[in-house]
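Just so you know, all these numbers are worked out from the coordinates, no wet-lab data involved. From a predicted model like this one, the values you see are computed outputs, not experimental measurements. Here the Cβ positions follow ideal geometry from the backbone for every residue, glycine too, while neighbour counts run over all protein chains shown.
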């Protein structure tokens, strides 16, 4: 159940986040999120789940030396990587903390962002409550999350495609439908939601898709979880490797105030 079209080993989290950020997809949606954040010079911006600091430099440039950027992440490895990358930027502060219990005082930030973090947290509602607490009156939060229930991969056997998507949505991602739920959850948390932007990346190259989706690794997990038989998995991956290939998933950018 292997092919040179697919990665054989799982990349570490820092490498995975780095390479996604430099794809056309990553650059495009991150630029759109920054535009929607509408950062002004002198403001304080919080990046919840900042990871290895992928977006901290662009935020620091947006606030100018008169502003401040606060990156928060629960993973010490990510914190260490982020601190190394932003060395020499005195306006950026990185702190260890959980999205459910942010280590910041009420009304600290003018702007906040979170990028593909809420799909993984234990309690998205609590995380939204925390971000609202830390934002000042009139502040803005911009979130980007996929809806993994919309994952569509073309295959002659539609049942296998549906089984693969069910496996991802039910077993791989904690909050698989968070993208479509974000506007409602943010409203329930006391935000107004003026803007929801759907972004639908389409992958035509199997290797490019594999770098984001981990197709072979996820298929192996689907076999272990009973969604595929070993024979179905071989049939599934053989066709994906040969092509033509097409996959798509809907990603939502949600603006909350």
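Couple of notes before you dig in:
- Cubic angstrom per residue, convex hull over Cα atoms of segment 1-121: 122
- Relative contact order (%) - segment 13-256, alpha-carbon pairs under 8 angstrom, separation at least six: 19
- Treating each Cα of the chain as one equal point scatterer and applying the Debye formula with no solvent, the log10 of I(q)/I(0) at q = 0.07, 0.08, 0.11, 0.15 Å⁻¹ comes out as -0.26, -0.34, -0.62, -1.06.
- Label-to-label distance, nm, for residues given as residue 122 and residue 84 (7 Å Cα→Cβ offset): 3.0
- Helix 215-224 vs. the chain, principal-axis angle (Cα, 0 to 90°, nearest 10): 70
- In degrees, nearest ten, helix 76-85 long axis to first principal axis of the chain (Cα): 70
- Along its three principal directions, the equivalent ellipsoid of segment 85-231 from the Cα gyration tensor extends over semi-axes of 35, 17, 15 Å, largest first.
- Point-to-point label distance, residue 248-residue 133, nm (Cα→Cβ direction, 7 Å offset): 4.1
- Placing a label point 7 Å from the Cα of residue 64 along the Cα-to-Cβ line, the residues of segment 104-124 whose backbone N sits under 20 Å from it are 109-112.
- Only helices enter the 222 nm calculation for the chain: every DSSP H run of n ≥ 4 contributes -39,500 (n - 2.57), and dividing by all residues gives -12000 deg cm²/dmol, rounded to 500.
- Relative to the longest principal axis of the Cα atoms of the chain, the long axis of helix 124-134 lies at roughly 20 degrees.
- Of all DSSP beta bridges in the chain, antiparallel share, percent nearest 5: 45
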